[in-house]
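Each value in this text was obtained by applying a stated rule to the coordinates, not by laboratory testing. Worth saying up front: this structure is predicted, and the values here are computed from it rather than measured. As a convention, Cβ positions derive from the backbone with ideal geometry for all residues, glycine included, and neighbour counts pool all protein chains shown.
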Amino acid sequence: MRAILMAGGSGTRLRPLTCNLPKPMVPILNLPIAEHIINLLKHHQITEIVAALHYLPDALRDYFQDGKDFGIQITYYVEDEEPLGTAGCVKNTAELLSETFLVISGDSIADFDLTAAIIFHKQKKSKATLILNRVNNPLEFGVVITNDEQKIVRFLEKPSTSEIFSDTVNTGTYILEPEILEYLPENTESDFSRDLFPLLLKNGEPMYGYIAEGYWCDVGHLEAYREAQYDALKKKVKLNFPYVELAPGVWVGQNTHIENINNIQAPVLIGDNCRIGARVKIEAGTVIGDNVTIGADANLKRPIIWNGAIIGDEAQLCACIIACGARVGRRARVLEAAVIGSLSTVGEEAKISTGVRVWPSKKIESGATLNINLIWGHTVQRNLFGQRGVEGLANIDITPEFAVKLGSAYGSILKPGSEVSISRDERNVSRMVTRSLIAGLMSVGVGVQNLDATTIPIARTVIPIMGITGGIHVRAHPYRPDCILIEFIDGQGIKIPQAQEKKIEGAYFKEDMRRSQVQEIGDVAYPNQVVDAYCSAFEQLLQIDTIRNSRAKVVIDYVYAVSGAVLPQMLDKFGADVVVLNASLNKNFVSTLEREDLLNQLGRVVEAVKATFGVQVSANGEQLILVDELGMPIRGEMLTALMIDLMLTSHPRSSVVVPVHASSAV
């Protein structure tokens, strides 16, 4: 059986470790991840391997060469152009795949029983068998749902909390029959989880999930990388490494000199040709590569030190990562979760604060304190995007500098000359952030249609009408007055897909932003008649004559937000009898308590003027609470039920999607 080793990943979230090294070559216990995977394949008699490469392919080719020294036969397939995705890449190796083959991710650590999985695949006569694993938190992974016979019935790619119905996740290891590749087009980007597997499921092809026992860790980010190292030291995963166990839990390589082994707490791994000075304290969990020098009186608390590093006297390293050839000076301190890139130098008595990343070949002067990432200028986050979009504390996390970079990253994944809209709520901090986003977009050659202060429903509606690529809306977080929420909208007016979010994150974290020439800088336009366009689109969805003949009187509380500048003229056009409350703009956030007081006021006004009903509009025009003719609020599940009743009355025998937490009464 042949195996396809997917080794083309650039490891964006592992940077700076992967600035000059592909992710499969990042070491775990001093051996590349790819070597651990090859050892696993060899253990199950799979020795013919095709390595699919893209990012820095020479690193892996130079290490493994023809594979003979590792007891395998290895062939390389390199994607020189844009990557074709996991499935598209395998499709291009189809001529090498005439029988059942295995696909395995090049950036994970596992000790699955592949032999048992292959037997399962053949017994079930499956066309595609996914090796699954149970995890405590499936939010970051693709969830696979199987029936009692382990046949796959549903996929959920990186689900939200409300979508989780299973803890079995896709590990990126598949046993496949070659004929399934016929479903894929030639030279087209496609993904196993996103494209091929749902297509096979739709076409009724037999697909099964083999739930593997054993260890699995997706080494996708620095925290997972450290966790995999510590788990391997604790023997939670079965890995081979070529070192002698000098004492229980203390593995030491050849030609390594240690002044006092009694100062070492197991488990610890120390590589070949190392020099450990006098009185050095090495705590459990420490991994030291080959050719490393540790000065006297240094204190090592679970650091991961790569080959060729030099650590000075009395230096303190705490749960950090020191990459190849880096130097840490005398009495310097590198704190928890910090990363020092290859060939960088930390001066004497310098301090690298918790979580700070230093890119390769940088120099920190003696005595300096580094609180921000060197080259990035900001604290790195694991992900930019949350459930709603990009959010953070106003002018702390979401700063003008951050917004400029975010705008550049978004614009860089679009074609030069594209146009997007920018809109915001009424707050000054939102204006500050939108202006920074505009600057970033312009710098990469993207034009901006500035809608200024308006509601997000208007932005969503006019984007497809204007025929532009997408949009960004900035507003106060609906539930946190000190937070800003930046929402990205596609050309249809809906939230951009996760794949596009990942591209923005990739451009942001890699700083892979283009810079346009002066004549290519984007322009800013201020479109006219935006509200008229929204009213016209809205009008097409209403029965205007019914509204005009209803003789309904409505009281609307706009809670001092931008919706108050839009809805009155629209309702007046429709001939509605409307009483308007709090329609003036207030740039300060209205608290929940203040909003409740305004709701009580609305109820009293509805009752006093004998209105048909009242409405309080909030969340930048995306939420509402109704008030009945007696002044009583209708919200929550009662409002959901009322809206469903209206929908089903207008569209009998239709389906309505409700929140997963909605009660059975709804």
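Semi-axes, largest first, in whole Å: what does sqrt of 5 times each Cα gyration tensor eigenvalue give for region 542-634? All intermediate terms of the calculation are to be shown ahead of the outcome.
Working: eigenvalues 92, 54, 20 Å².
Each semi-axis is the square root of five times an eigenvalue, giving 21, 16, 10 Å.
For LYS122, list the lysines whose Cα falls under 16 Å from its own Cα; do not include residues on the same chain fewer than 8 positions away.
Hits, sequence-local ones excluded: LYS151.
Set Lys and Arg Cβ to +1 and Asp and Glu Cβ to -1, take the dipole of region 568-663 about its Cα centre, and tell me which of ALA576, ASN588, HIS651 lies farthest positive.
HIS651
By count of other Cβ within 10 Å, fewest leading, how are SER664, SER516, SER655, SER563 ordered?
Values: SER664 4, SER516 16, SER655 7, SER563 26.
Ascending number of Cβ neighbours within 10 Å: SER664, SER655, SER516, SER563.
With a ≥ b ≥ c the root eigenvalues of the C-alpha gyration tensor of region 292-368, is it rounded (a/c under 1.5), prolate (a/b larger than b/c) or oblate? List each step's numbers first, then the result.
Working: a/c = 1.14, a/b = 1.09, b/c = 1.04.
Verdict is rounded for region 292-368.
With everything on Cα atoms, drop me the angle between helix 530-539 and the longest principal axis of the chain, reported from 0 to 90° to the nearest 10.
For helix 530-539, the angle is close to 70 degrees.
Using the Kirkwood formula over every pair of different C-alpha atoms, what hydrodynamic radius in Å results for region 2-218? Please report the intermediate quantities before stating the final value.
Working: mean 1/r = 0.0569 Å⁻¹.
The answer is 17.6 Å.
What is the order of CYS274, CYS19, fewest Cβ neighbours within 10 Å to most?
Details: CYS274 23, CYS19 18.
Listed from fewest to most nearby Cβ atoms, that is CYS19, CYS274.
Treating only the Cβ atoms of Lys and Arg (+1) and Asp and Glu (-1) as charged, compute the dipole magnitude of region 266-388 about its Cα centre; round to the nearest 20 debye. Please list the in-between numbers first.
Details: 15 positive and 10 negative charges, 74 e Å.
Computed about the Cα centre, the dipole is about 360 debye.
What are the trypsin sites (Lys or Arg not before Pro) within region 462-568 that DSSP puts in a loop, where the Cβ has at most 11 other Cβ atoms within 10 Å? Before the final figure, lay out each step's value.
Working: sites: ARG475, LYS495, LYS502, LYS503, LYS510, ARG514, ARG515, ARG548, ARG551, LYS553; in loops: ARG514, ARG515, ARG551.
Of the trypsin sites (Lys or Arg not before Pro), the ones in loops of region 462-568 whose Cβ has at most 11 other Cβ atoms within 10 Å are ARG515, ARG551.
Mind jotting down the distance between the C-alpha centroids of region 72-86 and region 392-444, whole Å?
36
Kindly provide the chymotrypsin sites (Phe, Trp or Tyr not before Pro) of region 501-535 that DSSP labels as loop, not H, G, I, E or B, and whose Cβ sees at most 11 other Cβ atoms within 10 Å. Could the numbers behind the result be given before it?
Values: sites: TYR508, PHE509, TYR534; in loops: none.
Answer by residue number: there is no such site.
Dipole of the chain (Lys/Arg Cβ +1, Asp/Glu Cβ -1, origin at the Cα centre): which of ASN20, GLN449, THR461 lies farthest to the positive side?
Looking along the dipole axis, the top candidate is ASN20.
Could you tell me which residue out of ALA561, TYR63, ILE472 lies farthest along the dipole of the chain toward its positive end? Charges go on the beta carbon: Lys and Arg +1, Asp and Glu -1, centred on the Cα centre.
Highest projection toward the positive end goes to ALA561.
Which entries of LYS202/LYS503; LYS362/LYS510; LYS91/LYS127; LYS362/LYS502 have Cα-Cα distances beyond 19 Å here?
On the way: LYS202/LYS503 27 Å; LYS362/LYS510 17 Å; LYS91/LYS127 15 Å; LYS362/LYS502 28 Å.
Where the Cα-Cα span goes over 19 Å, the pairs concerned are LYS202/LYS503; LYS362/LYS502.
For LYS363, go through the aspartates and glutamates and keep the ones whose alpha-carbon is under 13 Å away, minus same-chain ones fewer than eight residues off.
Here the aspartates and glutamates satisfying the reach criterion relative to LYS363 are GLU348.
log10 I(q)/I(0), Debye, Cα-only region 208-338, no solvent, q = 0.14, 0.16 Å⁻¹?
Log10 I(q)/I(0), no solvent term: -0.58, -0.75.
Quote the charge dipole size of region 476-554 about the Cα centre in Debye, to the nearest 20; the model charges only the Cβ of Lys and Arg (+1) and of Asp and Glu (-1).
Numbers: 10 positive and 12 negative charges, 60 e Å.
With Lys and Arg at +1 and Asp and Glu at -1, about 280 debye.
Give me the orientation-averaged projected area of the Cα convex hull of the chain, in nm², one decimal.
Numbers: hull surface 135.5 nm².
Directional mean of the projected Cα hull area for the chain stands at 33.9 nm².
Taking the Cα centre of the chain as origin, sum charge times position over the Cβ atoms of Lys and Arg (+1) and Asp and Glu (-1), and report the length of that vector in debye to the nearest 20. Walk me through the numbers on the way to the answer.
Values: 63 positive and 77 negative charges, 200 e Å.
Here the size comes out at about 960 debye.
Which of MET442, MET647, MET6 comes first, and how do the rest follow, when ranked by fewest Cβ neighbours within 10 Å?
Details: MET442 21, MET647 13, MET6 26.
Placing the least packed residue first, the sequence is MET647, MET442, MET6.
So what's the angle, to the nearest 10 degrees on a 0 to 90 scale, between helix 592-608 and the longest Cα principal axis of the chain?
Between the helix axis and the principal axis of the chain, the angle is about 20 degrees.
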